[in-house]
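Asks: Got a structure for you, questions after.
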Amino acid sequence: MTTSSASSPTVADPGSELPVELAVDLNAELDVGRLRAEFPILAQRIHGHPLAYFDSAASAQRPERVIAAIDRCYHENYSNVHRGVHTLSQRVSEAYEAARAKVQGLLGAASADEVVFVRGTTEAINLVAQSYGRHHVKPGDEVLVTVMEHHSNLVPWQMLCEERDAKLVVAPVDDRGDLVLEELTRFLSERTRVVALAHVSNTLGTQNPVREIVDLAHRAGAVVMVDGAQAAPHIPIDVVELDCDFYAFSGHKAYGPSGIGVLYGKRELLSAMPPWQGGGGMIRSVSFTGTSYADPPQRFEAGTPDITGAIGLGEAVDFLRELGWQRLERHEDRLLERLVAGLATIPEVTIIGRPRRRVGVVSFVVEGVHAHDVGTLLDRDGIAVRVGHHCTQPLLERFGVSSTTRASVAAFNTEDEVDRLVASVGRVVEFFA
Amino acid sequence: MSDDLRTLYQEVILDHYKRPRNFGALDEGERADGYNPLCGDRVQVYVKQRDGKVEAVSFEGSGCAISTASASLMTEAVEGLTCAQARELGDLFHASLVGSDPAAGDRLGKLEVLRGVREYPVRIKCATLAWHAFRAALDGHHEPVSTEGASAPSDSDNAKGKNP
């Protein structure tokens, strides 16, 4: 964790000196002890046990520097963004746009104008469905999703298809929880207008071959919306390399604030899209006889945005990139392998999904014990997991279960915590035996 | 596991969870479905009434230990009661969990083992799910009842004055 911007992240001087990943020693391991100290919330006990937080896939925790960046903005630089001629407004506008540039860097986007700030992944997908979808999806057309989609990348398309009298087509997964590309190809047709899929499944942990699917979709004439909510905190993203048309992620799952998220869209697509919400900030000029709209991204940011959220997200992006992707992936892969291996020693545990490439999460069921009871018992051991359907009811139905226990890993989790989790699941089995 | 977990998961509860009583459908009578959208749990409650009494009651579905045990205990508690008495018991049970009548728990009989749920506010809906469906069946309502939103019963299941 050594960089220039960590020590002096002043919002008054965005300076766009983005952290350079290569500056860190990629061979060094992640210093998790030191990293944990950056997360104030982790230093507490729950029911007498040290908190072991395995619920980052629902919402991660944020490091002190993100909290401090928000705090500093309110203390020193806060005003409304854009068009202000006074000093504070100029400072905060620069910081807000600097955050956009940082997100551009994270995603590898060609231009910062391709980065729209929204409330989160859900809003980003709704924006695309309502703005792009309503104008391109006609009666008889098709939208292709996968069975592993989070409800947020399913319901907006379902609503669109109902409204437009279009057809929602669902691509299946195999028993491992992987998409089968040959099958997916069969579901693509000249009627497919949009393909919407997760980069990483929030329930199975499957990392999908997005680039291959984008190629197939483009050949069929469809655009691709990628839900990157579970990818952004774990793996490097390059939207140019992926060639996806839209990409979305949420700040709160990527060590940033809640209430802020990002929609990336290719410039030519965003430029041709009508506004979604009307209001201040998204116009060029307004009269009672007609209004002309601003260019993207402002066209899609009606009203005062989540200014401190964006600035906090910018800080979270710096934090993420300074971790170093290789070190982070190595660390999290080790945790996931240890967790899968540990759970496999408990005969009553069945892991849902054995994807070829697992990122972020492990979902499992305990024979004879409902996930809610598992969650309550683990909580008494200071272990936070998520239980339920994880907003993927059709996927759980596919695997014949109604709820699972899901443990998700983050940079700050340790192998010791994984061992505690496995031991606690073992005690759950004994308790209900 | 800590002792306070034993106040939630008492032996009687674990017993009814593992060996639910009156489990299965009834051939005749009313049926109502309960749904907890927070966890996706579903329960079907069957009620056969005769001469203003609950002659038979059963349930089906899969849920957590609390919801299954609560449904099982409920079927035993209401069988043979008049419909009015059964409703009253449901109100009492509800009041004992959400805190509007702390003394209610003393008059619950066997259902008292579920009072530990009071200390776990997020689990209260697990305990009340079957009762919502039971009442709907008594009333002859065939729309599934939900613990959330518009179709939820008039009074809330949320514990008052508690920190979740």
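The values are calculated or read from the model by the stated rules, or taken from the named source; none is laboratory data. Worth saying up front: this structure is predicted, and the values here are computed from it rather than measured. Please note: Cβ atoms are built from the backbone with ideal geometry, for glycine as well, and neighbour counts cover all protein chains shown.
Asks: From the list A:127, A:168, A:144, A:204, which one is buried (at least 23 other Cβ atoms within 10 Å of the Cβ), at negative phi and in a strand (DSSP E or B)?
Replies: Matching residue, one of A:127, A:168, A:144, A:204: A:144.
Asks: Any residue in the range A:67-88 that's farther than 15 Å from residue A:311 by Cα: show its pairings with residues that are assigned to a loop (DSSP other than H, G, I, E, B) at Cβ separation under 9 Å, as long as the two are six or more apart or on different chains.
Replies: Short answer, once both residue conditions are applied: A:83/A:281; A:86/A:79; A:87/A:79.
Asks: Restricting to the range B:55-74, give me the number of residues that are over 16 Å from residue A:373 (Cβ atoms) and crowded, with 24+ Cβ neighbours inside 10 Å.
Replies: Residues that pass the stated criteria total 4.
Asks: Just one of (1) within 12 Å of another protein chain (Cβ to nearest Cβ); (2) surrounded by fewer than 21 Cβ atoms within 10 Å (Cβ to Cβ) trips up residue A:424, so point out which.
Replies: (2)
Asks: Between B:130, B:136, B:84, B:77, which is in contact with a Phe, Trp or Tyr (Cβ under 7 Å, 6 or more places away or on another chain) and in contact (Cβ under 8 Å) with a residue 12 or more places away in the chain?
Replies: From the options B:130, B:136, B:84, B:77, the qualifying one is B:130.
Asks: Something else: In the range A:361-391, how many residues are within 11 Å of chain B (Cβ to nearest Cβ) and β-branched (Val, Ile, Thr)?
Replies: Residues meeting the conditions: 4.
Asks: Residues that are part of a loop (DSSP other than H, G, I, E, B), on the phi < 0 side of the Ramachandran plot and surrounded by fewer than 24 Cβ atoms within 10 Å (Cβ to Cβ): does the range A:241-256 have at least one?
Replies: No, the range A:241-256 contains no residue that is part of a loop (DSSP other than H, G, I, E, B), on the phi < 0 side of the Ramachandran plot and surrounded by fewer than 24 Cβ atoms within 10 Å (Cβ to Cβ).
Asks: Given the conditions (1) in contact with a helix residue (DSSP H, G or I) (Cβ under 9 Å, 6 or more places away or on another chain); (2) farther than 28 Å from residue A:256 by Cβ; (3) more than 12 Å from chain B (Cβ to nearest Cβ), which single one is not true for residue A:402?
Replies: The one condition residue A:402 does not meet is (3).
Asks: Return yes or no: is residue A:334 within 14 Å of chain B (Cβ to nearest Cβ) and at pLDDT 95 or above?
Replies: So residue A:334 does not fit the description; no.
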